[in-house]
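The values are calculated or read from the model by the stated rules, or taken from the named source; none is laboratory data. Fair warning: this is a prediction, and the values are worked out from it, not measured in the lab. Cβ sites come from the backbone with ideal geometry, for glycine too, and all protein chains shown count toward neighbours.
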Amino acid sequence: MSTPASGTPQHPDGEADDPLPPVRATFAKETWKEVAHLLTNFPVDVFGFVYVVVTLALGTGLAVTVIGLPLLALGLSGCRLAGRLERRRVRALLGVRIGEPRRLRMDRLGFFGWLWAAVKDPVAWRHALYFFVRLPWGIVTFTVTLVMLFVGWPLLPWVARGMANADRAMARGLLSPSDELERRIAELESDRGIVVDTAAADLRRIERDLHDGAQARLVALAMDLGLAKEKLLEDPETAARMVGDAHGEVKLALAELRDLARGIHPAVLTDRGLDAALSSIAARCTVPVRVVADLPGRPAAAIEGIAYFTASELLTNVSKHSGARSASVDVWRSDDRLMLQVRDDGRGGASPDAGSGLAGLAERLDAVDGVLVVDSPLGGPTVVTAELPWREREFDHHG
Amino acid sequence: MVDSVRVVIAEDSVLLRDGLTRLLTDRGHEVVAGVGDAEALLAEIERLAAAGELPDVVVADVRMPPTHTDEGVRAAVRLRKDHPALGVLVLSQYVEERYATELLAGSSRGVGYLLKDRVADVREFVDAVVRVAAGGTALDPEVVAQLLGRSRKQDVLAGLTPREREVLGLMAEGRTNSAVARQLVVSDGAVEKHVSNIFLKLGLAPSVGDHRRVLAVLRYLNS
């Protein structure tokens, strides 16, 4: 496979093009298709050029009048339609699959919303550019192919392949949906999916914790107290003991509820920020934890929340799995990133593989363009660094 | 310490306010007023002070209307500044080292900061109210644990024996030597020896008076 077409690139939308067979002197099916494409270039491009020039010139020329902008918007919508037809031709004759661009996005509803969105639609303008620059190329390909068909047909397969490849590149460049904005939108949509998923998982966890923890304790407590009430007259001593047990039980239920509520969102995080909120999770860890926070201000609430949650999860790991004797949490700002580092002197071997708690954390961080780096050789020490974008707070929460 | 103390309660939950009132009056203390938010608390204290009837202690919730964040702490800091003789005991669903530091700024005289759950242990809780009313200190064990954890003096703290760490914790909670001795089931003399050892190891001048001692320890941990 040494022909120039063998390295067909993979598209951002994941669809692979049909593989091209190598060029042979005997005319293969693909060569005939390419020739057909090159010959149809001329009428198609003439039509496209005339359409673009007429509608855009009319639309902009009449922009001062009432019908100017609507005409321009209609013309651009037509460019989208023409682009779709052109993508079909390219796919049928050149075997290039190009994903459909996103539909027109309107910030506001109604006629003016459509008008504004259509006029500034980047996809339509790129399509217009495509048809505008194609005319001279269409004339060249038409002429050369025609001439080669009659006088240079032994060389035609190679010439056709070369010109068809130029066509392929042009179509991919200007008719594809893959501009920066479109890609970013697709990315954000998948991030939003992850956020929604983790939120749902959190709700399930809270429900389960309530059900298995405090709720069960309260049921047991109600039972104990009911029994004690019956014993009160006949056996006051047993009753007193039972009330004592119930008292202990209710204190445990309170502690569990407190932990649960704090796990959802600690009030001090909202009031005083990350530095203050880290104290209590550090104190809760089973090993001594040194906390050093060096922040010039407070980042956006969402970033603070994720940083807190990350530190909390990492310290829980230290308590449960590391076998460490001490740990530390460092938080600092580096340019436009918020850095969080948790290290411990435990046995190491923590892995961020799929399915682990660390993988879940990495996914959450990814949803806000954050990164999780795990360095945990067997035998320790373990250093986990989280990097989040520093977004400024939208408003200052009292002082 | 068995005298009846005069208390003002600031707590937005009526259920808890009534419960606290019942609990304190049952133990022979007088609840002068019960209010539902920080504004009302400040107004009530000003009114009582003007009438020359300043209470001994205020028991205030941290989260109260209108913002349900830290109104109680801010009201407490203000009351301590305006009325140094007034004891302030702050109750909270969660205790935070940061709020404790704000409350203790300047002095640890007549200040308390406890988890709300502690009211379940009635005797301990009422003792804390009386202690704060008399100018003592009552810090929640959980706050003390956080302060110890956040302290930059980990090297020195690591030099303490486990027993000394225990004594240091109880001391920081605001307990007297005899209370520490009771808690650990040792003699008063043993506690005194531990305390002087701790002060020696931390490099602090042994101070007289329990609340001064608390302040010295807390300053040390926070520095």
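Annotations for the structure displayed:
- Residues being surrounded by 19 or more Cβ atoms within 10 Å (Cβ to Cβ) and within 33 Å of the chain's Cα centre (by Cα) - total across segment A:81-94: 6
- Close contacts from segment A:347-366, counting a first residue that is without any contact (Cβ under 8 Å) to a residue 60 or more places away in the chain and a second that is surrounded by 15 or more Cβ atoms within 10 Å (Cβ to Cβ) and of a type in the set (Asp, Glu), with Cβ to Cβ under 7 Å and a gap of 6+ residues or different chains, come to A:357/A:313; A:361/A:313.
- Of all the criteria given as (1) away from chain B (no Cβ under 14 Å); (2) of a type outside the set (D, E, K, R); (3) not in a helix (DSSP H, G or I), the one not satisfied by residue A:210 is (3).
- If you filter segment B:143-156 down to residues that are surrounded by fewer than 22 Cβ atoms within 10 Å (Cβ to Cβ) and farther than 8 Å from residue B:221 by Cβ, you find that the one that is farthest from the other protein chains (Cβ to nearest Cβ) is B:156.
- Looking only at residues of segment A:241-281 that are more than 9 Å from chain B (Cβ to nearest Cβ) and free of Cβ contacts under 8 Å to residues at least 12 places away in the same chain, we find that the one that is farthest from the chain's Cα centre (by Cα) is A:241.
- Residue in segment A:80-100 that is closer than 14 Å to residue A:127 by Cβ, small (Gly, Ala, Ser) and assigned to a helix (DSSP H, G or I) present: yes
- The set of residues in segment B:84-122 that are of a type in the set (S, T, N, Q) and either within 14 Å of chain A (Cβ to nearest Cβ) or under 9 Å from the mean Cα position of the chain (by Cα) (or both) comprises B:92, B:93, B:101, B:108.
- Unmet criterion (only one of (1) crowded, with 17+ Cβ neighbours inside 10 Å; (2) in a helix (DSSP H, G or I); (3) not hydroxyl-bearing (Ser, Thr, Tyr)) for residue B:19: (1)
- Test: residue in segment A:46-58 that is touching a Gly at 6+ places or on another chain (Cβ under 9 Å) and assigned to a loop (DSSP other than H, G, I, E, B): no
- For segment B:68-83, the criterion of being away from chain A (no Cβ under 14 Å), closer than 26 Å to residue B:191 by Cβ and crowded, with 17+ Cβ neighbours inside 10 Å is met by no residue.
- Scanning segment B:207-219 for any residue that is over 17 Å from the mean Cα position of the chain (by Cα) and touching a residue at least 40 places away in the same chain (Cβ under 8 Å) turns up nothing.
- Filter result for residue A:108 (at pLDDT below 80 and of a type outside the set (A, V, I, L, M)): yes
- Enumeration of residues in segment B:40-67 that are in contact (Cβ under 8 Å) with a residue 60 or more places away in the chain and either surrounded by fewer than 21 Cβ atoms within 10 Å (Cβ to Cβ) or outside any loop (DSSP other than H, G, I, E, B) (or both): B:57, B:59
- The residues of segment A:245-298 that are buried (at least 17 other Cβ atoms within 10 Å of the Cβ), of a type in the set (Asp, Glu) and closer than 19 Å to residue A:202 by Cα amount to a single one, A:256.
- For segment A:299-327, taking the residues that are in a loop (DSSP other than H, G, I, E, B) and more than 13 Å from every other protein chain (Cβ to nearest Cβ), the one that is nearest to residue B:98 (Cα to Cα) is identified as A:300.
- Members of segment B:52-67 that are of a type in the set (A, V, I, L, M, F, W, C) and either farther than 21 Å from residue B:126 by Cβ or within 14 Å of another protein chain (Cβ to nearest Cβ) (or both): B:62, B:64
- Here residue B:49 meets the list (1) at negative phi; (2) within 14 Å of chain A (Cβ to nearest Cβ) almost entirely, failing just condition (2).
- Filter result for residue B:167 (farther than 25 Å from residue B:115 by Cβ, buried (at least 18 other Cβ atoms within 10 Å of the Cβ), out of contact with any Phe, Trp or Tyr (no Cβ under 7 Å at 6 or more places or on another chain) and not polar (S, T, N, Q)): no
- In the set (1) at pLDDT 85 or above; (2) within 13 Å of chain B (Cβ to nearest Cβ), residue A:225 fails one condition alone, (2).
- Unique residue being of a type in the set (Asp, Glu) and exposed (fewer than 15 other Cβ atoms within 10 Å of the Cβ) when the list is A:353, A:344, A:330: A:353
- Of all residues in segment B:22-31, those satisfying the criterion of being out of contact with any helix residue (DSSP H, G or I) (no Cβ under 6 Å at 6 or more places or on another chain) and either of a type in the set (Asp, Glu) or crowded, with 18+ Cβ neighbours inside 10 Å (or both) are B:24, B:26, B:29, B:30.
The rows are residues; the columns are (1) in a helix (DSSP H, G or I); (2) at pLDDT 80 or above.
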| residue | (1), (2) |
| --- | --- |
| A:168 | yes, yes |
| A:171 | yes, yes |
| A:178 | no, no |
| A:183 | yes, no |
